[in-house]
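Data first, discussion second: the structure below is written as structure tokens.
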Amino acid sequence: MDLNPADESFIARLRDVLPEDVLRPVENRYLSEPRGRFAGQAGLLALPRRVEEVSALVRAASQARVPVVPYSGGTGLVGGQVMPQGPAPLLISLERMNAIRGVYPAENVLVAEAGAILSDVQDAALAVDRLFPLSLAAEGSCRIGGNLSTNAGGVNVLRYGNARDLCLGLEAVLPDGGIWHGLTRLRKDNTGYDLRNLLIGAEGTLGIITAAALKLSPVPAGIGTAMIVVPSPEAALGLLALARSRVGEAVSAFELIHGQGLRFLDEVLPDVRQPFAERPEWCVLIEVGLAGGLDPTSALEAIFEQAAEQGLALDGVIARSEAQRADLWSVRERIPEANRLTGSLSSHDISIPLSSIPEFIRRGAEAVAGIGQFRINSFGHVGDGNLHYNVFPMPSSNRADNDHQREAVQRAVHDLVHEMGGSVSAEHGIGRMKVGELERYGDPVRLAAMRAIKAALDPAGIMNPGAVLRA
């Protein structure tokens, strides 16, 4: 079914049913995405303040067959927040729906509107001595609705899970404009199909999340952070197993860092303080959070000593203050910035079965070398199998010189990921960038079911057309 643009006649219809300040001219900042791969368009920008206004907007779009693009914090990396082709859409930003509706410390639950910035949700939890553990590099600007719509991951997935695991209930507007009042705080509710998990990760293609009931956790009484040099990725996995055998689920983060990323920091961000004078080829950043009466520093010391005895650790630094802890995290958190400044040829957000990671790193390097000479920075949340596998030109060339090889590099990496039972989209989503990859590697039966669900809930195809599934 053909869609229509958000033109003057459509705008006139909206003015009859919505307050004047909801509808705005489109600003350029809503039409771009961080990687610069897509340039968006829109006929109209809407900034609703209440779920009823979102409902009115979507209902009018459904009746007029006007495409709708939900906009959250704009930090997504796969183009899900921009629509470069087709009729100019209605762009709905929930930035004014940013209230914390309620905090329930005894239940370990917080209810937030979708436009709430992630760091504000974290702060609201800390104000009642609770932890909202979702933690991302963009947490100062990304919004909770987008986090849920993309099932965001981050550094604490190992202990607390993805965004999906941190959500109890949702309020959402479906493609016909109906409001689903599913904002339950219950942890047990077996009353039919789970619409919550259908909308989480759907990237705005099945509706617009307007509020969420989120799980909180106790704040660990003590947090310990260390950076440990390991001889290989195999040793890193051995160290993870050792750490978990000693402190169990208290391991909240376990980040693998490659020496290439450290060298990029030296080249483009020399102000980052690194703990080792000689840059190691492999190291891990490990963080543990323990209950009262347990000393995280002593726990990390014991883990390091046993790891060294087993040949799993070569050197290490344990943070002795909050400032030192921040310095260690800065090394990990600024590697993506160094990557951007260096300029990758092809970046890959992938996941691999944990025990297969060392083999993938070896075989991936061989596959890329078969195409040409490149630098590889393989790093990420190895505790949950998520690698950011980024391929860069050699220092003597630049991205433009090698751009003709980008597709071949991407295909070689993703083919290997698929062969090894992994995913070509670990935590960033499909968006528009990976629609072809989903078609190439996705299970046909699953894709058919996804298309059937889309057709049933959004028969006119107005919700974020072209994202996840081909329009």
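The values are calculated or read from the model by the stated rules, or taken from the named source; none is laboratory data. Because the structure is predicted, anything quoted here is derived from the model rather than measured. Counting neighbours? That spans all protein chains shown, and the Cβs are built from the backbone with ideal geometry, glycine included. These area figures cover heavy atoms from the full protein model, side chains too; ligands, DNA and RNA do not enter into them. Shrake-Rupley method; radii C 1.70, N 1.55, O 1.52, S 1.80 Å.
Filter region 359-380 for residues that are closer than 21 Å to R263 by Cβ and either open to solvent by less than 10 Å² (accessible area, probe 1.4 Å) or of a type in the set (A, V, I, L, M) (or both) and give the result.
Scanning region 359-380 gives I361, G364, A365, V368, A369, I376, N377, S378, F379, G380.
Can you give me the number of residues within region 302-325 that are open to solvent by 50 Å² or more (accessible area, probe 1.4 Å), in a helix (DSSP H, G or I) and of a type in the set (G, A, S)?
1
Those residues that are of a type outside the set (D, E, K, R) and open to solvent by 10 Å² or more (accessible area, probe 1.4 Å), I need them from region 281-295; list them, please.
Hits for region 281-295 are W282, L290, A291, G292, G293, L294.
Return the pairs, sorted by first residue and then second, in which the second residue is polar (S, T, N, Q) and surrounded by 22 or more Cβ atoms within 10 Å (Cβ to Cβ), the first residue lies in region 457-468 and is touching a residue at least 12 places away in the same chain (Cβ under 8 Å) and assigned to a loop (DSSP other than H, G, I, E, B), the beta carbons are less than 9 Å apart, and the residues are 6+ apart or on different chains.
Close Cβ pairs satisfying both conditions: D458/T205; N464/Q81; N464/T205; P465/T205; A467/Q81; A467/T205; V468/T205.
How many of the residues making up region 137-155 are in a loop (DSSP other than H, G, I, E, B) and either among the polar types (S, T, N, Q) or open to solvent by 40 Å² or more (accessible area, probe 1.4 Å) (or both)?
6
Answer yes if at least one residue in region 256-271 is open to solvent by less than 10 Å² (accessible area, probe 1.4 Å) and farther than 17 Å from P336 by Cβ, and no otherwise.
no
Does S330 satisfy the condition of being under 22 Å from the mean Cα position of the chain (by Cα), surrounded by fewer than 19 Cβ atoms within 10 Å (Cβ to Cβ) and part of a helix (DSSP H, G or I)?
Yes.
If you check V445 against the conditions, is it open to solvent by 20 Å² or more (accessible area, probe 1.4 Å) and closer than 30 Å to S355 by Cα?
Answer is yes for this residue.
Taking I350 as meeting all but one of (1) of a type in the set (A, V, I, L, M, F, W, C); (2) surrounded by 16 or more Cβ atoms within 10 Å (Cβ to Cβ); (3) touching a strand residue (DSSP E or B) at 6+ places or on another chain (Cβ under 8 Å); (4) assigned to a helix (DSSP H, G or I), write down the number of the exception.
(4)
Spot the failing condition for L240; the list is (1) open to solvent by 50 Å² or more (accessible area, probe 1.4 Å); (2) under 30 Å from E305 (Cα atoms); (3) in a helix (DSSP H, G or I); (4) touching a residue at least 12 places away in the same chain (Cβ under 8 Å), and only one is missed.
Only one criterion in (1) open to solvent by 50 Å² or more (accessible area, probe 1.4 Å); (2) under 30 Å from E305 (Cα atoms); (3) in a helix (DSSP H, G or I); (4) touching a residue at least 12 places away in the same chain (Cβ under 8 Å) is unmet by L240, namely (1).
Looking at region 6-46 only, could you name the residues that are of a type in the set (S, T, Y) and either open to solvent by 50 Å² or more (accessible area, probe 1.4 Å) or free of Cβ contacts under 8 Å to residues at least 60 places away in the same chain (or both)?
Selection gives S9, S32.
Restrict the check to region 83-101 and report whether at least one residue is surrounded by fewer than 18 Cβ atoms within 10 Å (Cβ to Cβ), assigned to a strand (DSSP E or B) and hydroxyl-bearing (S, T, Y).
There is no residue in region 83-101 that is surrounded by fewer than 18 Cβ atoms within 10 Å (Cβ to Cβ), assigned to a strand (DSSP E or B) and hydroxyl-bearing (S, T, Y).
Which members of region 156-172 meet the condition of being assigned to a loop (DSSP other than H, G, I, E, B) and either within 18 Å of I117 (Cβ to Cβ) or in contact with a Gly (Cβ under 7 Å, 6 or more places away or on another chain) (or both)?
Result: N156, N162.
Considering L57, L47, L31, L77, which residue is over 23 Å from I200 (Cα atoms) and either of a type in the set (A, V, I, L, M, F, W, C) or modelled with pLDDT under 95 (or both)?
Numbers: L57 fails: over 23 Å from I200 (Cα atoms); L47 fails: over 23 Å from I200 (Cα atoms); L77 fails: over 23 Å from I200 (Cα atoms).
Checking each option against the conditions leaves just L31.
Which residue, of L170, L183, L216, L148, is touching a residue at least 60 places away in the same chain (Cβ under 8 Å), of a type in the set (A, V, I, L, M, F, W, C) and in contact with a Lys or Arg (Cβ under 6 Å, 6 or more places away or on another chain)?
On the way: L170 fails: touching a residue at least 60 places away in the same chain (Cβ under 8 Å); L183 fails: in contact with a Lys or Arg (Cβ under 6 Å, 6 or more places away or on another chain); L148 fails: in contact with a Lys or Arg (Cβ under 6 Å, 6 or more places away or on another chain).
On inspection, the qualifying residue turns out to be L216.
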